[in-house]
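The values are calculated or read from the model by the stated rules, or taken from the named source; none is laboratory data. Note that this is a predicted model, so its numbers are computed, not measured. Note that each Cβ is placed from the backbone with ideal geometry, even for glycine, and that neighbours are counted across all protein chains shown.
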């Protein structure tokens, strides 16, 4: 079946550091891929998405590229801010929806 | 984005009692609502999909008689955990969409259920 694996956290970075959160998936076909973010006390929000191979999703300085050859959708940001502290979930949709376990990011000033 | 609320945000109940969780889409009509369950440090697990006015579709392994879902209007869906037991303690999250699974989902903040 479909599945998503993302790097375990927690991740702690200093402000302006580079961020990578790895995400790989398993699916029989061509899923749509998503990154969701959950800020403290709030519901999950769609951060970015990509629906086909080589697509790059981007939003708020975050980027992720749909890599079919490596079945990956790693999340990156060049310079994190304290306000980026949240839990990040990688997910796919392909006949059903699967989420990764979430990665908690804490950015310190 | 659209706003989805859940009530209550947390609830503690005794074993054997039933608990109802409400999910409301506040500023759009949600033809489809989804219910998820999240265990500590684990991913969200889709429990069921409900379409307004019809019976919910449950994922494999989810007991439909234990987790009763009602989606009576385009803005409200309820999840009732019947005869709750400690193993039902979890974080329950709903989401709403104006369409099926492939449409963007808007998530509620979740409800933490603790069964004593």
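Among the residues of the stretch B:6-37, count how many are on the phi < 0 side of the Ramachandran plot and over 11 Å from the mean Cα position of the chain (by Cα). If you could, list the steps in order and put the result at the bottom.
Within the stretch B:6-37, the first condition is being on the phi < 0 side of the Ramachandran plot, and the residues that meet it are B:6-15, B:17-37.
Applying the additional criterion that residues be over 11 Å from the mean Cα position of the chain (by Cα) yields B:8-15, B:17-19, B:25-32.
Residues meeting the conditions: 19.
Restricting to the stretch B:99-116, what's the tally of residues that are within 14 Å of another protein chain (Cβ to nearest Cβ) and in a loop (DSSP other than H, G, I, E, B)?
In the first step, residues of the stretch B:99-116 are kept if they are within 14 Å of another protein chain (Cβ to nearest Cβ); the result is B:99-112.
Those left that are additionally in a loop (DSSP other than H, G, I, E, B): B:99-105, B:108-110.
Looking only at that region, the number is 10.
Name the residues in the stretch A:40-63 that are part of a loop (DSSP other than H, G, I, E, B), in contact (Cβ under 8 Å) with a residue 12 or more places away in the chain and surrounded by fewer than 20 Cβ atoms within 10 Å (Cβ to Cβ), would you? Explain how you work it out, then say what you get.
Just the residues of the stretch A:40-63 that are part of a loop (DSSP other than H, G, I, E, B), to begin with: A:40-44, A:51-55, A:60-61.
Now narrow it down to the ones that are in contact (Cβ under 8 Å) with a residue 12 or more places away in the chain: A:40, A:44, A:51-54, A:60-61.
Answer for the stretch A:40-63, where residues must be part of a loop (DSSP other than H, G, I, E, B), in contact (Cβ under 8 Å) with a residue 12 or more places away in the chain and surrounded by fewer than 20 Cβ atoms within 10 Å (Cβ to Cβ): A:40, A:51, A:52, A:53, A:54, A:60, A:61.
May I ask you to say which residue of A:80, A:37 is in contact (Cβ under 8 Å) with a residue 60 or more places away in the chain and either buried (at least 17 other Cβ atoms within 10 Å of the Cβ) or under 28 Å from residue B:5 (Cβ atoms) (or both)? Write out each step before concluding.
On the way: A:37 fails: in contact (Cβ under 8 Å) with a residue 60 or more places away in the chain.
Step by step, each of A:80, A:37 is checked, and only A:80 is in contact (Cβ under 8 Å) with a residue 60 or more places away in the chain and either buried (at least 17 other Cβ atoms within 10 Å of the Cβ) or under 28 Å from residue B:5 (Cβ atoms) (or both).
Do we have any residue at all in the stretch B:60-72 that's within 12 Å of chain A (Cβ to nearest Cβ), buried (at least 20 other Cβ atoms within 10 Å of the Cβ) and either outside any loop (DSSP other than H, G, I, E, B) or at pLDDT below 90 (or both)?
no
For the stretch B:8-22, indicate whether the set of residues that are surrounded by fewer than 14 Cβ atoms within 10 Å (Cβ to Cβ) and in a strand (DSSP E or B) is non-empty. Walk me through it before giving the result.
To start, the set of residues in the stretch B:8-22 that are surrounded by fewer than 14 Cβ atoms within 10 Å (Cβ to Cβ) comprises B:8-10, B:12, B:14-18.
Add one more test, that the residue is in a strand (DSSP E or B), and what stays is B:10, B:12.
Within the stretch B:8-22 (the criterion being surrounded by fewer than 14 Cβ atoms within 10 Å (Cβ to Cβ) and in a strand (DSSP E or B)), the answer is yes, since at least one residue qualifies.
For the structure I just gave you, tell me whether residue B:15 is more than 24 Å from residue A:92 (Cα to Cα) and within 12 Å of chain A (Cβ to nearest Cβ). Let's see the steps before the verdict.
On the way: more than 24 Å from residue A:92 (Cα to Cα): yes; within 12 Å of chain A (Cβ to nearest Cβ): no.
Criteria not met by residue B:15.
Looking only at residues that are modelled with pLDDT of 90 or more and assigned to a loop (DSSP other than H, G, I, E, B) in the stretch B:31-59, which one is surrounded by the fewest Cβ atoms within 10 Å (Cβ to Cβ)?
That would be B:59.
Any residue in the stretch A:90-107 that is touching a helix residue (DSSP H, G or I) at 6+ places or on another chain (Cβ under 8 Å), within 30 Å of residue B:8 (Cβ to Cβ) and part of a strand (DSSP E or B)?
Filtering the stretch A:90-107 for residues touching a helix residue (DSSP H, G or I) at 6+ places or on another chain (Cβ under 8 Å) gives A:105, A:107.
Next cut, within 30 Å of residue B:8 (Cβ to Cβ) only: A:105.
Now drop any that are not part of a strand (DSSP E or B), which leaves A:105.
Looking through the stretch A:90-107, at least one residue is touching a helix residue (DSSP H, G or I) at 6+ places or on another chain (Cβ under 8 Å), within 30 Å of residue B:8 (Cβ to Cβ) and part of a strand (DSSP E or B).
Which of the residues belonging to the stretch B:76-89 are more than 21 Å from residue B:26 (Cβ to Cβ) and either within 14 Å of another protein chain (Cβ to nearest Cβ) or buried (at least 21 other Cβ atoms within 10 Å of the Cβ) (or both)? Even if it seems obvious, please write down each step before you answer.
Step one: list which residues in the stretch B:76-89 are more than 21 Å from residue B:26 (Cβ to Cβ), which gives B:80-89.
B:81, B:84 - these are the residues of the stretch B:76-89 that are more than 21 Å from residue B:26 (Cβ to Cβ) and either within 14 Å of another protein chain (Cβ to nearest Cβ) or buried (at least 21 other Cβ atoms within 10 Å of the Cβ) (or both).
Run down A:1, A:29, A:9 and say which single residue is outside any strand (DSSP E or B), surrounded by 14 or more Cβ atoms within 10 Å (Cβ to Cβ) and either within 14 Å of chain B (Cβ to nearest Cβ) or at pLDDT below 95 (or both). Reasoning before the result, please.
Working: A:1 fails: surrounded by 14 or more Cβ atoms within 10 Å (Cβ to Cβ); A:29 fails: surrounded by 14 or more Cβ atoms within 10 Å (Cβ to Cβ).
When all the criteria are applied, what remains is A:9.
Among A:20, A:70, A:24, which is under 16 Å from the mean Cα position of the chain (by Cα), assigned to a strand (DSSP E or B) and surrounded by fewer than 16 Cβ atoms within 10 Å (Cβ to Cβ)? Reasoning before the result, please.
Values: A:70 fails: assigned to a strand (DSSP E or B); A:24 fails: surrounded by fewer than 16 Cβ atoms within 10 Å (Cβ to Cβ).
From the options A:20, A:70, A:24, the qualifying one is A:20.
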